[in-house]
Each structure stands twice: as C-alpha cells, then as structure tokens.
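Here the structure comes first, spelled out in structure tokens, and everything after it is commentary.
The values are calculated or read from the model by the stated rules, or taken from the named source; none is laboratory data. Note that the structure is predicted; figures quoted are calculated from it, not measured. Using ideal geometry, Cβ is built from the backbone for each residue, glycine included, and neighbour counts are taken over all protein chains shown.
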Amino acid sequence: MNVRVGYSWEENRVGIDQLARGRSNSAGDITLDTSSDTSTLLDNAIQVGDVAILVPLTANAASEMPFVYSTPATVKGSITLTHSNTALADLTFRYRITE
C-alpha cells in the first residue's frame with residue numbers, strides 16, 4: 001500500500017483503509033534454502049533494523065520453527081534468516097516485516 005502525492009483522494013483513501021484493516025505490502029512467502037544454515041529474505045519494504053515474523057505453512061516448517069530466527073536487517077531490502085542445515089525442501093513460511 002502506497003499513499004502518494006498526486007494520487008486521487010479515492011486512491012489514497014482505499015490505501016489507508018486497507019492499511020487500517022491490516023493489509024500492507026510488507027508480507028509474503030519464503031522457502032528456506034536447502035543444505036545451508038542461512039537464507040536471505042529479499043523484499044523492497046525492508047528497512048535497516050527491521051525483522052521478519054514467520055508463520056510456518058508446512059508441517060516440516062512447523063517442526064523447524066524453534067531453530068529459525070531473523071536477525072535485524074543491516075541493509076535496506078534484505079534480512080538474513082538463520083536456521084538448521086537441512087535437506088528438506090518444503091520449509092515454507094509466510095512472513096511479515098516489522099520494526
């Protein structure tokens with residue numbers, strides 16, 4: 001959701017309404033890299049200091065959840081997720097970017 005100068009009042013009103021309902025452009029899905037202990041989450045909404053809140057979307061992702069953590073972003077646009085080194089290919093999570 002972007003509110004911009006030059007957009008119509010109606011376009012901005014719809015964007016503000018969606019934001020108030022909890023919708024934003026700071027969410028998505030990520031599948032962790034296999035045979036690695038880190039994965040990089042790339043999202044244009046990420047600012048320095050942001051972290052990712054993760055929700056598992058598969059049973060294997062749920063079992064891996066205690067071993068996955070997000071370090072605060074050190075650069076704009078990416079967050080490093082640290083996790084177990086596993087060959088499982090279905091470790092898929094929904095994420096939300098937050099401060």
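Condition check: surrounded by 12 or more Cβ atoms within 10 Å (Cβ to Cβ), in a strand (DSSP E or B) and at pLDDT 95 or above. Does ILE97 satisfy that? Answer is no for this residue. Residues being under 14 Å from ASP29 (Cα atoms), in contact with a helix residue (DSSP H, G or I) (Cβ under 7 Å, 6 or more places away or on another chain) and loosely packed, with under 15 Cβ neighbours inside 10 Å are represented in the range 77-90 by at least one member. Just one of the numbered conditions (1) out of contact with any His (no Cβ under 9 Å at 6 or more places or on another chain); (2) outside any helix (DSSP H, G or I); (3) surrounded by 13 or more Cβ atoms within 10 Å (Cβ to Cβ) is not true of ASP29: (3). Each residue in the range 51-76 was checked for being crowded, with 18+ Cβ neighbours inside 10 Å and outside any loop (DSSP other than H, G, I, E, B), and 6 pass.
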